[in-house]
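Report on the structure given below.
We did not get these values from a lab; they are worked out from the coordinates using the rules stated. Everything quoted here is computed from the prediction, not taken from an experiment. Quick reminder, even Gly has a Cβ in these numbers, built from the backbone with ideal geometry, and neighbours come from all protein chains shown.
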Amino acid sequence: MNFLLSVSRLIDAANERIGRIAYWLVLIMVLVSSGNAISRYALSIASNAWLELQWYLFAAVFLLCSGYTLRHNEHIRIDVISGHLSRRAQMWIDIVGTVLFLLPMTAFITWLSWPIFMNAWNSNEISGSAGGLIRWPARLLVPVGFLLLSLQGVSELIKRVAFLKGLIPDPLEKHEVPLELAIARDEAAK
């Protein structure tokens, strides 16, 4: 189980870093959107490439942060019933949901979206709009985003099983120690 917890920490660290990098894409997206609006309405200059870049950045933020969001347990939940259950029961619900729904769905979407990306890559697909961008970067975001979500699902599954075995504290509780310090502390203990 220690090996699996190490894998879980590695996945957590990767999604944490990717999520923090993707934060900056929000700023870039706001700047591009603002520049696009100003150039369109104040200067009467429109660009399909800038508009498509906005869409690409939005897709990047949404897809690249999905694993990060799962890691921080920030996805929308309806806790009408599970909120009244014990923590162990909640962990079992998460385990069943991850195994029956999250992992199969993310694997299926990753599998379906990879050939679409490869087709765009091989054909050097370009937007049909005048001055549009190449499409493969946007097409690549789908399998990468769902792969990151799938990996984080595996990490969460490992942590929930480890909690049920009494090996780690509650993974849903907010801990005072940041991830990097916890990883360094665990490495130093070895």
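A few remarks follow.
- Using only alpha carbons, the chain has a radius of gyration to Kirkwood radius ratio (Rg to Rh) of 1.07.
- Net charge dipole size for the chain [Lys, Arg +1 and Asp, Glu -1 on Cβ; Debye, nearest 20]: 120
- With contributions of -39500 (n - 2.57) from each DSSP H run of at least four residues, the per-residue ellipticity at 222 nm computed over the chain stands at -24500 deg cm²/dmol.
- Peptides 58-66, 42-50 ranked from most to least packed by the mean count of surrounding Cβ atoms within 10 Å: 58-66, 42-50.
- Rg ratio (alpha-carbon, reference 2.2 N^0.38 Å) - the range 115-169: 1.86
- For I126, distant residues with modelled amide H under 5 Å away: R135
- Here is what passes the span test in the chain: the DSSP H helices with alpha carbon length of 27 Å or more along the helix axis and a Kyte-Doolittle mean of 0.0 or above are 2-41, 103-123, 136-164.
- The orientation-averaged projection of the convex hull spanning the C-alpha atoms of the range 1-107 amounts to 9.7 square nanometres.
- Distance between modelled label sites at E74 and A42, nm, 7 Å Cα→Cβ extension: 3.1
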